[in-house]
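**Q** Sharing a structure, written as structure tokens. Questions coming.
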Amino acid sequence: MYIGLYLLLFVATLIQYFITSYSSPGYVLDAMRAVNEGHSHTTLVTSIQPATSKNGNFTIPINGDPPARNLIGSNVAWMRLVMNMYPPGSSMRQLTCTYCNVLQPPRAKHCHDCDKCVLQFDHHCVWLGTCIGQGNHCRFWWYICEETALCLWTSILYASYLKANISRSWWMDAMMIILLVTLSISLIFLVLLLIFHSYLVLTNQTTYELVRRRRIPYMRTVPERVYPFSNGMCRNLYNFCCAKMGIYTLERLPTVEELEFKRRRRSCSQILC
């Protein structure tokens, strides 16, 4: 049973790797196509509000149809939607990607490895061969969690083998010690990565926003230790874990009043809620 559970975790981690690797991170072109083709017409009618409103986030359902040929030429609805997420007077030219020639919503970034703009871009993972964004960040977190548990379990098995009172060659012990040291280094890296991404989830941030905070135009005016897109730890965790497949949420930029409110000191219950 012990070995069976270990093999089950190994298979689950391997499956999670391929699921994360082949899942879409959420491309801006897919969201723009959905808006322009009218798939989110009802959402647009009920949700389009000025950027100063308290409920200015937009939900866009994405289907698997191929992109339309006239995608770039008929993006009036997308332009209106995105511009409503920025403060009045924002320059459309500065918000347009110079590579894809599409209007980027807040938190989107062009990935030079994938050559596409990604919604809520976090980073490009070379181990998975894909971008990590709004569409697969949750799967990526679960993959790190499973990989950490598998690495920890394997280290325990190696340590138990070394402690076992059985006769074996010296080179077997040397090989096990080398593998155990390598696993220990990998485990430290994985634990730190898991803690880091858990912090990002609880504060509704991305790696790109945290590392390049002063290079992102909409983050330059945000005070330090203020999380502009956070809705409280509980809501952030719920939105991250319970997001529906094929539905992307575009978050508007917070107003100056909202940033000042988030800057105030709050109790633990207020931070959670």
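**Q** Could you grab me the full set of residues in the stretch 1-28 that are of a type in the set (S, T, N, Q), closer than 27 Å to C100 by Cα and assigned to a helix (DSSP H, G or I)?
**A** T20, S21
**Q** Take the residues in the stretch 187-206 that are part of a helix (DSSP H, G or I) and farther than 21 Å from W127 by Cβ; name whichever of them is most open to solvent (accessible area, probe 1.4 Å).
**A** Per the criteria, the residue is L202.
**Q** Okay, moving on. Filter the stretch 247-264 for residues that are more than 18 Å from M219 (Cβ to Cβ) and open to solvent by 30 Å² or more (accessible area, probe 1.4 Å) and give the result.
**A** Selection gives I247, T249, R264.
**Q** In the stretch 229-246, which residue that is open to solvent by less than 80 Å² (accessible area, probe 1.4 Å) and touching a strand residue (DSSP E or B) at 6+ places or on another chain (Cβ under 9 Å) is modelled with the highest pLDDT?
**A** Looking at residues that are open to solvent by less than 80 Å² (accessible area, probe 1.4 Å) and touching a strand residue (DSSP E or B) at 6+ places or on another chain (Cβ under 9 Å), I get N239.
**Q** Looking at the stretch 9-19, is at least one residue open to solvent by 70 Å² or more (accessible area, probe 1.4 Å), modelled with pLDDT of 85 or more, closer than 19 Å to Q134 by Cβ and not acidic (D, E)? Step through it out loud before you land on a result.
**A** Going residue by residue through the stretch 9-19, those that are open to solvent by 70 Å² or more (accessible area, probe 1.4 Å) are 10-11, 14-15, 18-19.
Right, trim to modelled with pLDDT of 85 or more and you get 10-11, 14-15, 18-19.
Those left that are additionally closer than 19 Å to Q134 by Cβ: 19.
Of the ones still in play, those that are also not acidic (D, E) are 19.
Yes, that holds for at least one residue.
**Q** Could you identify the single residue in S167, S184 that is part of a helix (DSSP H, G or I) and either surrounded by fewer than 16 Cβ atoms within 10 Å (Cβ to Cβ) or under 16 Å from the mean Cα position of the chain (by Cα) (or both)?
**A** Answer to the selection: S184.
**Q** With E209, E260 as the choices, which residue is of a type in the set (D, E), part of a helix (DSSP H, G or I) and at pLDDT 85 or above?
**A** E209
**Q** Then there is this: Going by what's in this entry, would L179 be described as surrounded by 12 or more Cβ atoms within 10 Å (Cβ to Cβ) and at pLDDT 90 or above?
**A** Judged against the criteria, L179 is not a match.
**Q** Please find, within the stretch 212-228, the residue that is farthest from the chain's Cα centre (by Cα) out of those that are part of a loop (DSSP other than H, G, I, E, B) and surrounded by 12 or more Cβ atoms within 10 Å (Cβ to Cβ).
**A** V222
**Q** Hey, can you tell me all the residues within the stretch 84-141 that are within 21 Å of C241 (Cα to Cα) and assigned to a helix (DSSP H, G or I)?
**A** H137, C138, R139, F140, W141, listed by residue number.
**Q** Specify which of the listed residues (C125, C117) is open to solvent by less than 20 Å² (accessible area, probe 1.4 Å) and within 25 Å of L9 (Cβ to Cβ). Give the steps one after another, and end with the answer.
**A** Numbers: C117 fails: within 25 Å of L9 (Cβ to Cβ).
Among C125, C117, only C125 is open to solvent by less than 20 Å² (accessible area, probe 1.4 Å) and within 25 Å of L9 (Cβ to Cβ).
**Q** Surrounded by 15 or more Cβ atoms within 10 Å (Cβ to Cβ), of a type in the set (S, T, Y) and either without any contact (Cβ under 8 Å) to a residue 40 or more places away in the chain or closer than 23 Å to L200 by Cα (or both): is that true of Y158 in this structure?
**A** It is true that Y158 is surrounded by 15 or more Cβ atoms within 10 Å (Cβ to Cβ), of a type in the set (S, T, Y) and either without any contact (Cβ under 8 Å) to a residue 40 or more places away in the chain or closer than 23 Å to L200 by Cα (or both).
The values are calculated or read from the model by the stated rules, or taken from the named source; none is laboratory data. These numbers were taken from a predicted model, which means no experiment stands behind them. Virtual Cβ from ideal backbone geometry, glycine too; neighbours counted across all protein chains shown. Surface areas here come from the heavy atoms of the whole protein model, side chains and all, with no ligands, DNA or RNA. Shrake-Rupley method; radii C 1.70, N 1.55, O 1.52, S 1.80 Å.
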